[in-house]
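The values are calculated or read from the model by the stated rules, or taken from the named source; none is laboratory data. Computed from a prediction, not measured in an experiment: that's the story for all the values here. Cβ placement follows ideal geometry from the backbone for every residue including glycine, while neighbour counts extend to all protein chains displayed.
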Amino acid sequence: MSQAGEQTNPPSGGGEEETTPLSALAPDAALQEESLALGPTHVSASPAFQCLDQLFSTGKISGTKAAKLKASFSLLHDTLKSSQQSEIRLLQEAKQFRAELERQQRDLETAEQFPEGPDTEVSRMRQQLLKFHNDLRQAEERDYQMNYQLECLTEEKLCLEKEYESQPKPVELEKRAKALKDSSEELRKEVSQRRQEIHSLLEDMEARHKLMTREQRELDHKKDSIVNNQAELAQLLSVPGQLGKEIERINRKKMEVEKSKAALDEQLSEVAALQKMTEARCRSLEEEKREVRRQVEGRRAHLEAAEREHSMLQKEQEMTKEKEVIMMGQRYRTGCRQCPCI
């Protein structure tokens, strides 16, 4: 239902009881007539449009939302304007009906001043007139109610049509859906990038935490060393006599070490001379070894030649033995043939 239906209630019933609320609304109608007489103001010059422009310029709302809010405000402004006009018209009609009612009441009071008879023609006509008058009032009331409902429905239809026209078209919805999808993809990529950055930051923080822990351990160790060194320093400062004795002992030990070093130097020189002699002896032994190796190789060659000669002689001896056996066999066979007793 439109604002006209919410702000203006239709009169119901008949009689003088309806005149009280209608007369109370008369000053509002006068104010509205004065405002209309001053001239209509354009909706774009309203404070609401200026506020929306400021919000859009500061970036607090998007252009689509600002346009949608402006369209809604224009629709509400037009609805309010039509409701005000309908209210003024209805108030004027109520004034006219009130004046007509007062006139009819005066006529009725004038008619009641005449003398009435129980069965006079005037009385019957008067009753018939009152009945027709009441029927007429009821018919007018029903007609007024129907007209009022028709106007309300017409205004509601106009509001619904304007609201339907202000709704975005399918193409615009597809564009908005595509824009939202693109923005969601960008947001998803940004979220993934932020997650990677957070993961790298967490790894960096963990590495720094480990480094800080290691440095803290080193610092604690150094603090312990400092404390120990301070304790040792305090102990050393508290016993300076022991340092003198320790220095004397170290000096004595140093002298002993120097003496040992001199003795070791002498031994080292002797060892060096002995090493030189040993190296010379080793070189001579190497020469002798090489000479002996040459002699051994010569004797080995001579021995190999003798062995070859010995093997040849053995072969010749075996061949000679075989020849002797063959000759003895031949002689034996020859002797057997010559001897008759065999």
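So Tyr164 clears everything in (1) surrounded by 10 or more Cβ atoms within 10 Å (Cβ to Cβ); (2) under 30 Å from Leu69 (Cα atoms) except one condition, right? Which one?
Tallying (1) surrounded by 10 or more Cβ atoms within 10 Å (Cβ to Cβ); (2) under 30 Å from Leu69 (Cα atoms), Tyr164 fails exactly one: (1).
Scan region 136-192 for residues that are free of Cβ contacts under 8 Å to residues at least 40 places away in the same chain and basic (Lys, Arg) and jot them down.
Arg142, Lys157, Lys169, Lys175, Lys178, Lys181, Arg188, Lys189
Restricting to region 312-342, name every residue that is at pLDDT below 85 and either outside any helix (DSSP H, G or I) or hydroxyl-bearing (Ser, Thr, Tyr) (or both).
Listed by number, the residues that qualify are Tyr332, Thr334, Cys339, Pro340, Cys341, Ile342.
Every residue, every condition in (1) at pLDDT 85 or above; (2) loosely packed, with under 10 Cβ neighbours inside 10 Å, yes or no:
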{"site": "Lys223", "(1), (2)": "yes, no"}
{"site": "Val227", "(1), (2)": "yes, no"}
{"site": "Gln235", "(1), (2)": "no, no"}
{"site": "Ser238", "(1), (2)": "no, yes"}
{"site": "Glu246", "(1), (2)": "no, no"}
{"site": "Ser269", "(1), (2)": "yes, no"}
{"site": "Ala280", "(1), (2)": "yes, no"}
{"site": "Glu286", "(1), (2)": "yes, no"}
{"site": "Arg294", "(1), (2)": "yes, no"}
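Looking for something over 47 Å from the mean Cα position of the chain (by Cα) and among the polar types (S, T, N, Q) - is there at least one such residue anywhere in region 203-224?
Within region 203-224, not a single residue is over 47 Å from the mean Cα position of the chain (by Cα) and among the polar types (S, T, N, Q).
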